[in-house]
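Structure first, then comments.
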Amino acid sequence: MVDYRLENIIAKSTVIEAGPPVVYQIHARPLDLKKSNIAKVEFGIPVVPHKPTRVLMVVGATGAGKSTLINAMVNFLLGVKWEHEFRLKLIHDEVSQSQAHSQTQMITAYTFYWQKGSPLNCNLTIIDTPGFGDTRGLKRDQEITRHIREFFELKGRDGLDSLHGIGFVTQASLARLTPTQKYISDSILSIFGKDIKDNIFIMTTFADGADPPVMGAIREANIPHASFFPFNNSALFAHSDGVVSLQMTREVLHERQQLETIVNGIQPKINAGLAKIDELKQEEEMLKANESKILANKDFKYKVKVTKQRQIPLPHGQYVTNCVYCSITCHNDCIYGNDKDKWKCCAMSGNESNATCKVCVNHCSWEKHFNNGYIFEFYEEMETRTSQELYERYTEAKTAKDKLEYIIQEIEKELQEMQRVVLYNIRKARKCLQRLDEIALKPNPLTEVEYIDLLIKSEEQQKNAGWEKRIDYFYEVRQQAELLATVTDEEAFEKLACE
């Protein structure tokens with residue numbers, strides 16, 4: 001027996017599989033949002049004003065069965081019973097390639113308004129996220145994490161004010177978590193504040209109802225969770241948990257963005273500092289080895305590897321925050337393209353009237369920062385110089401011999417200044433990391449060098465399509481992880497500070 005509510009839904013749906021059972025694609029209303037990587041869809045109409053809304057975010061690796069699980073939830077929610085000879089689909093896998101690619105790029109919030117006969121006495125929003133761990137590798141996973149972070153930072157009509165649960169979807173048969181799966185879980189957990197740990201649920205697919213092997217792996221990995229639900233367990237919606245404010249989550253998101261911005265600013269400065277050290281050593285060795293020739297011949301030529309700066313154009317639609325005073329890129333992937341909004345950039349601290357940059361060594365005003373359409377990049381090249389050019393760089397010393405000593409002293413001063421700037425930024429990053437440890441459910445996954453080493457080893461063994469490119473990117477991420485590990489290591493930090 002099918003009630004009138006289901007009959008009405010079926011009448012407005014499209015048959016996508018003839019069956020049995022017959023499968024219908026249900027139709028919902030998409031909302032017009034400003035963000036291109038986020039979508040909101042509504043089903044039904046709000047017939048009861050001020051009805052509470054419960055929000056569940058579903059995350060999981062590619063192939064874990066997340067879409068099938070969400071479809072099962074929708075069937076339960078809309079009243080489809082086991083004996084019915086039809087099923088409903090919200091997310092249809094057999095779409096065109098272009099549609100599939102588009103869908104997997106987006107975070108989609110599906111809101112089902114309460115209707116008479118609904119098994120839940122509330123509205124329900126299911127947030128579907130792209131699958132982690134696909135062939136595009138770690139860079140794509142970080143992009144998904146960033147999109148989730150941006151989604152929870154949104155306020156008003158485009159965003160959410162609360163979150164009632166996070167569902168981690170995983171296959172029940174997994175006896176242990178792979179390095180990729182561990183990295184995925186830590187990446188997601190690092191977004192949220194500690195107050196959400198009791199609202200995390202493990203949702204096991206392909207389960208037989210017993211305690212699945214994957215739960216042992218999850219406990220061993222210390223992944224916090226309140227409970228787990230086998231695939232078709234409707235108790236998911238019967239379980240009553242309190243609402244969790246996203247205030248602490250937004251704190252974690254904001255401070256993590258600040259940390260990442262500072263770290264991104266640190267790396268080129270460290271590289272420039274190391275290059276300056278190399279340049280100093282080259283010129284110092286050259287001066288000592290050729291002192292008599294230089295004094296006798298003002299046109300004496302030598303080669304040295306030098307660090308220079310260039311502008312790299314950005315692709316259309318990517319925004320940047322550059323300081324025109326310091327000539328550096330303070331944030332190379334900013335969400336604010338309008339220069340009037342640069343005070344909101346995560347590189348800034350303060351409000352529109354007084355915001356200053358945390359990356360600039362002189363804390364330049366936000367008004368000196370612009371979206372120029374390019375980033376500043378340091379690079380190295382060999383340069384031929386003459387002793388006369390070396391003399392002309394410095395004019396204070398009276399004799400040629402004095403000038404040689406003076407040049408070395410000045411280069412060393414420049415090096416010391418570079419070290420001061422790097423140390424200043426490391427202290428800033430360390431302070432931010434300490435704060436994250438206080439409020440985050442999980443620390444920044446990029447601090448775990450061992451995870452990344454395991455990922456590299458796994459890629460080398462499996463050699464799946466695109467593995468070489470993924471390994472190259474892993475090594476880039478490893479540099480950041482090593483830097484953050486140094487910042488968090490008390491002994492290493494003190495040693496660095498004393499050098």
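The values are calculated or read from the model by the stated rules, or taken from the named source; none is laboratory data. For clarity, every value in this text was computed on a predicted model and none was experimentally measured. For neighbour counting, all protein chains shown are included, and Cβ atoms are generated from backbone atoms with ideal geometry for every residue, glycine included.
Let's see how each residue does on (1) touching a residue at least 60 places away in the same chain (Cβ under 8 Å); (2) surrounded by 14 or more Cβ atoms within 10 Å (Cβ to Cβ); (3) more than 30 Å from S173 (Cβ to Cβ):
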site: N8; (1), (2), (3): no, no, yes
site: P21; (1), (2), (3): yes, no, no
site: R29; (1), (2), (3): no, no, yes
site: F43; (1), (2), (3): yes, yes, yes
site: P49; (1), (2), (3): no, no, yes
site: R54; (1), (2), (3): yes, yes, no
site: M73; (1), (2), (3): yes, yes, no
site: E83; (1), (2), (3): no, no, no
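All conditions but one from (1) modelled with pLDDT under 80; (2) among the polar types (S, T, N, Q); (3) more than 19 Å from I166 (Cβ to Cβ) apply to Q115; the one that does not is (1). Out of G117, G167, which single residue is surrounded by fewer than 21 Cβ atoms within 10 Å (Cβ to Cβ) and not basic (K, R)? From the options G117, G167, the qualifying one is G117. Here F151 passes the criteria (1) part of a helix (DSSP H, G or I); (2) touching a Phe, Trp or Tyr at 6+ places or on another chain (Cβ under 7 Å); (3) among the aromatic types (F, W, Y) except the one numbered (2). The numbered conditions (1) among the small types (G, A, S); (2) at pLDDT 70 or above; (3) at negative phi are all true for S234 except (2).
Has region 42-61 got any residue that is in a loop (DSSP other than H, G, I, E, B) and either polar (S, T, N, Q) or outside the structural domain of V214 (by TED's automatic domain parsing) (or both)? Checked against the condition, which is being in a loop (DSSP other than H, G, I, E, B) and either polar (S, T, N, Q) or outside the structural domain of V214 (by TED's automatic domain parsing) (or both), region 42-61 yields no hits at all.
Residue-wise test of (1) in the same structural domain as K457 (by TED's automatic domain parsing); (2) modelled with pLDDT of 75 or more; (3) outside any helix (DSSP H, G or I).
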| residue | (1), (2), (3) |
| --- | --- |
| I166 | no, yes, yes |
| V169 | no, yes, yes |
| A175 | no, no, yes |
| T180 | no, no, no |
| D186 | no, yes, no |
| D198 | no, yes, no |
| T204 | no, yes, yes |
| I218 | no, yes, no |
| N222 | no, no, yes |
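Across region 363-392, the qualifying residues are those that are surrounded by 13 or more Cβ atoms within 10 Å (Cβ to Cβ), closer than 30 Å to V304 by Cβ and of a type in the set (S, T, Y), and the one among them that is modelled with the lowest pLDDT is Y391. Can you find a residue that is among the aromatic types (F, W, Y) and under 42 Å from the mean Cα position of the chain (by Cα) anywhere in region 302-323? Yes, because at least one residue in region 302-323 is among the aromatic types (F, W, Y) and under 42 Å from the mean Cα position of the chain (by Cα). Flag not set for C360, criterion: surrounded by 15 or more Cβ atoms within 10 Å (Cβ to Cβ), within 24 Å of T307 (Cα to Cα) and touching a residue at least 60 places away in the same chain (Cβ under 8 Å). Looking only at residues in region 307-356 that are part of a strand (DSSP E or B) and of a type in the set (A, V, I, L, M, F, W, C), the one that is surrounded by the fewest Cβ atoms within 10 Å (Cβ to Cβ) is I312. Inside region 62-80, residues that are under 26 Å from the mean Cα position of the chain (by Cα) and part of a loop (DSSP other than H, G, I, E, B) make up a count of 4. Mind counting the residues in region 23-62 that are over 11 Å from A109 (Cα atoms) and among the acidic types (D, E)? So the answer is 1. Considered as a group, the residues in region 121-144 that are at pLDDT 85 or above and among the hydrophobic types (A, V, I, L, M, F, W, C) include one that is farthest from C334 (Cα to Cα), and that residue is C122.
Restricting to region 81-112, count the residues that are modelled with pLDDT of 75 or more and either within 17 Å of R140 (Cβ to Cβ) or under 33 Å from the mean Cα position of the chain (by Cα) (or both).
In the first step, residues of region 81-112 are kept if they are modelled with pLDDT of 75 or more; the result is 81-91, 106-112.
Within this subset, residues satisfying the condition of being either within 17 Å of R140 (Cβ to Cβ) or under 33 Å from the mean Cα position of the chain (by Cα) (or both) are 89-91, 106-112.
Matching residues across region 81-112 total 10.
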